[in-house]
Amino acid sequence: MGSACVLAASLLWGTTGTAATFAPSVGPLAIGAVAMGLGGLLQALIAAPRIRRDAARLRARRGVVVLGALAVAAYPPAFYSSMHLAGVAAGTVVSIGSAPLASALIERVVDGRRLTRRWITGAVLGLSGTVLLCVAEAAGAPSGPGARSAGTTVLGVGLGLVAGLTYALYSWAAHRLIHGGVSSAAAMGTVFGFGGLLLAPVLVATGAPLLASWPNAAIGAYLALVPMFLGYVLFGWGLAHVPPSTATTLSLLEPAVAAVLAVLVVGEHLPALGWAGITLVVGCLAVLTTPSRSGAKQRADAPNPAPVPGRHGAPRSRREAAAEVVSPPGR
């Protein structure tokens, strides 16, 4: 279920680059600010009851909250600027493709978590696929007066690496809060709400083109409500069940979706090398999401767990505890 939620979020995120092409007069900073800024504030508003209930736990982990909020605020300018400078497919591939390595490094250094063979196999397949997609995008780039310069492309790739690092950071922060007893709604609402507040000045300074026409406003509303708000609600539910390194690896589906939409909707050409990359990404997802027989057998043979103390000291089952963590906001 956790993997399914992350994959569904990745499908929604994969539409952002294509959607942004329908508002060419809106700059990448404004696109990023309206998408994650308004989307984050909406998450905080919907999750307000859960945030109030978990306020003590959030205050006790204020350092994690601040780190996550700063990463949320830094991600969209880097991500959308990367797509603007290096191209939709290449920017998405670099930003999302670098996140699993950054996430694994964070978990290894901070949490001391060991990487499993299964994760390494999936990461190798997924990263190989993203590299092929990036190479295919570079090979198919147009030449002439309208072509991107090498310096512009390098800057876009560099910003994509920054986006990948910040994506890994806020994923780790949300996961740490959720597994510290904070509900997924409160964790995501707090981190993204504070991140949205930090993005508000950027939106005020750059967001005038969003109000210049109804199509621009519609694109801004779509990005805020669907990929960002709904997508990150799903992502928060997924983080309640899978570690951030697995979640960021599963999100390698996003650049594959972005590349396919760029071909089908925007009209870009994807050579055979790019389709090979998409195949490897699908293979990565199959490796990570197929249940292992040994794991299923261990769960079936495991004894019933001891009850977990409830909020007022009364015992409750682990199933009830898990349901409280992942139940949707407002329920």
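Once you sort the root eigenvalues of the Cα gyration tensor of segment 154-195 as a ≥ b ≥ c, which label holds: rounded (a/c under 1.5), prolate (a/b larger than b/c) or oblate (the other case)?
prolate
Under the classification rounded if a/c is under 1.5, otherwise prolate if a/b is larger than b/c and oblate if not, where does segment 207-263 fall, given a ≥ b ≥ c as square roots of the Cα gyration tensor eigenvalues?
Numbers: a/c = 3.71, a/b = 1.79, b/c = 2.07.
Because a/c hits 1.5 or more and a/b fails to exceed b/c, segment 207-263 counts as oblate.
Could the peptides 196-206, 219-229 be put in order, highest first, of the mean number of other beta-carbon atoms found within 10 Å of their residues? Each step should come with its number before you reach the end.
Working: 196-206: 17.8, 219-229: 21.0.
Most protected by this proxy first, the peptides run 219-229, 196-206.
Under the rule a/c < 1.5 gives rounded, and otherwise a/b versus b/c splits prolate from oblate, where does segment 1-56 land using the Cα gyration tensor?
Details: a/c = 4.20, a/b = 1.48, b/c = 2.84.
Because a/c hits 1.5 or more and a/b fails to exceed b/c, segment 1-56 counts as oblate.
Which of the peptides 107-118, 166-177, 19-30 is most tightly packed, and how do the rest follow, judged by the mean count of other Cβ atoms within 10 Å per residue? If you can, show how the numbers build up before the last one.
On the way: 107-118: 11.7, 166-177: 25.6, 19-30: 18.4.
With the highest mean Cβ count within 10 Å placed first, the list reads 166-177, 19-30, 107-118.
Can you tell me the order of 253-259, 82-88 when each peptide is scored by its average per-residue count of other Cβ atoms within 10 angstrom, highest first?
The packing order, highest mean first, is 253-259, 82-88.
None of the figures in this text is laboratory data; all of them are computed from the coordinates on show. All figures in this text were calculated on a predicted structure; none of them were measured in a lab. Every residue, glycine among them, receives a Cβ derived from its backbone with ideal geometry; neighbour counts consider all protein chains shown.
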